[in-house]
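This report refers to the structure that appears directly beneath it.
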Amino acid sequence: MIATLQPDNADPRLILRDEELDSGLELILLAEAALWAAVDATLEAEPLGLGRSHWRAAFLLRRRPGLGVQDLSKLTSLSKQAASRTLTDLTRAGLVERGSGDLDGRRKPAVLTAEGLAFEARTAERLRALLARAYRTGGLDGVAGARRILAALAGPRQGVGPARREVA
């Protein structure tokens, strides 16, 4: 089977065969494993006993302060119950503060505390170094291309929750 990618601005000459797509999927899975191995190594050194979902929530809260359970669930594919548990764990650990919602008392937007920002930064620093090394391998054109590909894969999840903010 031959797959053709033709979003609005796609090159109509680009035709990808199953083997090329499978190779891309394999690389994505291997890259994901490498990133999670780096996360796991950092989390093992943390005294709080938190896991991947906790760091992922902290990362998203740094980028999108004010996320609630429902948005976190949509962004991460965690069930609402698992997203709620994750935020509760982070709150108990003193890494997150939860407010009350403006329109609905059940919606409690979460923000990282100073300790939460430090927790998130320890792991993100390691991941940024891995990504920077990979981007340098791809070169200037590769970075833009990789970002376009990843954005296309992320799809509508990019618009979930409070607006992303660039953090220095």
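The residues of segment 111-168 that are of a type in the set (Asp, Glu) and under 21 Å from LEU43 (Cα atoms), listed by number, are GLU115, GLU120, GLU125. The helices (runs of 4 or more DSSP H) located wholly in segment 24-121 that include 2 or more residues which are free of Cβ contacts under 8 Å to residues at least 24 places away in the same chain and of a type in the set (Ser, Thr, Tyr) occupy 69-76, 80-92.
Within segment 140-151, residues that are in a helix (DSSP H, G or I) sit with their Cβ atoms under 7 Å from residues that are among the small types (Gly, Ala, Ser), at 6+ positions apart or across chains, in these pairs: ALA146/GLY138.
Determine whether LEU16 is at pLDDT below 90 and either over 15 Å from LEU127 (Cα atoms) or of a type in the set (Lys, Arg) (or both). Considered against the rule, which asks whether it is at pLDDT below 90 and either over 15 Å from LEU127 (Cα atoms) or of a type in the set (Lys, Arg) (or both), LEU16 comes out as yes.
Exactly one residue among ALA134, ALA144, ALA114, ALA82 is at pLDDT 95 or above, out of contact with any strand residue (DSSP E or B) (no Cβ under 8 Å at 6 or more places or on another chain), of a type outside the set (S, T, N, Q) and over 15 Å from ARG52 (Cα atoms), and that residue is ALA114.
The values are calculated or read from the model by the stated rules, or taken from the named source; none is laboratory data. Note that the structure is a prediction, hence the values are computed from the model and not measured. Glycine gets a Cβ as well: all are built from the backbone with ideal geometry, and neighbour counts include every protein chain shown.
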